[in-house]
Every structure is written in C-alpha cells, then in structure tokens.
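The values are calculated or read from the model by the stated rules, or taken from the named source; none is laboratory data. These numbers were taken from a predicted model, which means no experiment stands behind them. Here the Cβ positions follow ideal geometry from the backbone for every residue, glycine too, while neighbour counts run over all protein chains shown. Note: areas computed on protein heavy atoms with side chains; ligands, DNA, RNA excluded. Shrake-Rupley method; radii C 1.70, N 1.55, O 1.52, S 1.80 Å.
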Amino acid sequence: MRKNKGESLIESLLSMFFITAVLAPVSSLFLKTFKLNGKITDRNFTKNEERNMLEILKTKDYAFMTGNTGKHKFSDMEGFYRIILPDEKYKVLRADKGTLVGEKTVEIKQTEDFYINEEGQKEYIFEIQVGDVKGYYFPKWE
C-alpha cells in the first residue's frame with residue numbers, strides 16, 4: 001500500500017473554493033457595517049451641531065429674539081457666529097469655526113404663549129428650529 005504524502009490539485013482547489021464561499025459574504029457584511037457606521041457618525045455630528053446652535057440661540061436676550069424672528073440660512077459656522085455671537089467675549093468659540101455639514105436653516109417663531117414681566121408687558125415664548133432640532137426660548141425671570 002502506497003502512502004499519500006501530499007495533497008492533490010483537486011483538494012487544493014476545493015479548499016480554496018470553500019474558503020472563498022465563506023469569506024465573500026462575511027467581507028461584504030463587514031463592508032456594509034463600516035459604511036453604515038460612517039453614515040451614523042455623520043448624522044450624529046450633524047445633530048450635535050444643530051443642538052449646539054440651538055443652545056447658543058437660547059442664551060440670547062429677549063430683544064435679540066424679537067429682532068431676529070424668521071428664517072435664516074447659514075452655509076458655514078463663521079456666518080452663524082458673525083450674526084449670533086458678534087461680541088468679543090465669545091472669541092474662544094469663534095476661534096474654532098468648524099464646518100457645517102450642508103446648509104443649515106434656523107427658524108425663530110414667536111408663539112402665542114407669553115409671560116407678563118415686572119412692567120406689565122407681554123414677553124412671548126419663541127420656538128427655535130435648527131434643521132430637524134426644535135427647542136423653545138423662554139424669557140428670563142428675574
């Protein structure tokens with residue numbers, strides 16, 4: 001009886017076929033996962049950017065809100081900071097201008113709800129929408 005000391009060409013081809021049949025779907029799955037992670041990261045960055053813009057707007061005073069109602073479009077953060085944060089004390093924020101992912105629409109609307117201030121005047125609540133993120137501005141109580 002003869003001993004087989006090696007593997008034949010057919011055995012090698014079959015093992016390569018089975019390895020390829022397993023690796024192709026798995027590599028496709030990994031590729032789709034990496035693409036999806038990239039899209040989710042971009043979406044989270046955009047949402048955080050919109051939330052930050054909204055929170056900056058909430059810090060403004062009542063006179064600013066009444067004077068800037070309506071829709072505003074910004075293509076970059078420098079334009080946003082130039083209009084929203086013109087004060088020199090916010091220079092630290094303006095140093096890192098960042099880039100917007102796409103053009104952002106900021107809409108400030110006065111609602112029907114209001115407070116009565118110390119002088120007996122109505123101070124309205126404002127609805128602020130930055131992209132898909134919505135929030136409300138309440139007049140300061142002192």
**Report entry** In region 26-78, the residues that are among the polar types (S, T, N, Q), open to solvent by 50 Å² or more (accessible area, probe 1.4 Å) and outside any helix (DSSP H, G or I)
**Finding:** THR59, THR69, SER75
Query raised in the report: What are the pairs, 6+ residues apart or on separate chains, where a residue within region 112-130 that is more than 19 Å from LEU54 (Cβ to Cβ) has its Cβ under 8 Å from a residue that is assigned to a strand (DSSP E or B) and among the aliphatic types (A, V, I, L, M)?
Result: PHE114/ILE125; TYR115/ILE125; LYS122/ILE116; GLU123/ILE116
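Please go through region 79-104 and give me each residue that is modelled with pLDDT of 75 or more, surrounded by 14 or more Cβ atoms within 10 Å (Cβ to Cβ), of a type outside the set (Phe, Trp, Tyr) and under 23 Å from ARG43 (Cβ atoms), ordered by number. Give the derivation first.
Pass one, region 79-104, residues modelled with pLDDT of 75 or more: 79-84, 103-104.
With surrounded by 14 or more Cβ atoms within 10 Å (Cβ to Cβ) added as a condition, the list becomes 79-81, 84, 104.
With the extra rule that they be of a type outside the set (Phe, Trp, Tyr), the set shrinks to 79, 84, 104.
GLY79, LYS104 - these are the residues of region 79-104 that are modelled with pLDDT of 75 or more, surrounded by 14 or more Cβ atoms within 10 Å (Cβ to Cβ), of a type outside the set (Phe, Trp, Tyr) and under 23 Å from ARG43 (Cβ atoms).
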Query - region 113-136 - residue that is β-branched (Val, Ile, Thr) and out of contact with any Leu (no Cβ under 6 Å at 6 or more places or on another chain) and, of those, nearest to GLU103 (Cα to Cα) - result: ILE125
Requested in this report: Could you tell me whether region 108-115 includes any residue that is at pLDDT below 90 and within 21 Å of ASN44 (Cα to Cα)?
Outcome: no
Report task. Please give the number of the condition ILE125 fails out of (1) assigned to a helix (DSSP H, G or I); (2) modelled with pLDDT of 85 or more; (3) open to solvent by less than 30 Å² (accessible area, probe 1.4 Å). Result -> (1)
Requested in this report: Could you check how many residues of region 128-142 are over 19 Å from the mean Cα position of the chain (by Cα) and open to solvent by less than 50 Å² (accessible area, probe 1.4 Å)?
Outcome: 2
